[in-house]
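Please read the structure below before turning to the comments.
Every number in this text was worked out from the coordinates using simple rules, so none of it is lab data. The structure displayed is predicted, hence computed values, not measured ones. Because the Cβ atoms are built from the backbone with ideal geometry, glycine has one as well, and the counts that use them run over all protein chains shown.
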Amino acid sequence: MRRFWLAGPGAGREENLSVFRDIAQIHDEMSRLFDDFATGILPATRTIEATIAPRMDLYRKDGKIHLAMEIPGIDPKEIDLKVYADRVVFKAEREEEKKDESERFFRIERSRGSFYREIPMPVEIDPEAAEAKTKNGLLCLVLPEKQNIETGRKLEIKEEE
């Protein structure tokens, strides 16, 4: 699949919108960097409704795209996972534990709440052949690259008399 950063001739609406997905992902990463920096300096100010953005690795190996995402404390059955030819979409919620009112917390860093993450793929993938599994709080996806096999038939050219 070909990606266009700016609208060009023949560029479809979906291809042009990928720019905005990429910008949103950069925004999320910058916010995470500032949050991580401020964690050691400022008191914790996150609320229960704070958005969670699990960390992930995305790489290519043996002609397949591999995605590994940290999901500790999230029930895999509660994850809404959708795979498209050009992106993967995760939706889930990390539940808050019941707390005793007499407990006095000195620091709260574990995130709670819902998360949504849309990850654009660097190449076109085959959603039908995708696989997902979890182990020890890590969600691993194997996404085979789509093989663009052109099937055609040779056409015989007939001469008119």
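The table that follows gives values for the structure above.
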read-out: Residue-count net charge about Pro54 - beta-carbon cut-off 10 Å; Lys, Arg +1, Asp, Glu -1; value: +2
read-out: Amide proton proximity set for Arg87, modelled H, under 5 Å, gap of 5+; value: Met121
read-out: Relative exposure of Leu139, Leu58, judged by other C-beta atoms within 10 Å (fewest first); value: Leu58, Leu139
read-out: In nm, spacing of pseudo-spin labels at Asp57 and Ile108 (7 Å Cα→C-beta vector); value: 3.2
read-out: Förster radius 25 Å - calculated FRET efficiency between Val142 and Glu70 (Cβ-Cβ, nearest 0.05); value: 0.90
read-out: Sites Ala85 and Ser31 - FRET efficiency at Förster radius 41 Å, r taken between beta-carbons, to 0.05; value: 0.90
read-out: Point-to-point label distance, Lys133-Glu161, nm (Cα→Cβ direction, 7 Å offset); value: 6.6
read-out: Chain lengthening between Lys77 and Val123 when straightened (0.36 nm per residue, less Cα-Cα); value: 13.8 nm
read-out: Amide H partners (placed H, <5 Å) of Ile71, local residues excluded; value: Leu138, Leu139
read-out: Estimated inter-spin distance, Lys154 and Phe20, nm [label 7 Å along Cα→Cβ]; value: 4.9
read-out: Ranking of Lys82, Lys61 by count of other Cβ atoms within 10 Å, fewest first; value: Lys61, Lys82
read-out: Proxy reagent accessibility, fewest Cβ within 10 Å first, across Lys77, Lys64, Lys91; value: Lys77, Lys91, Lys64
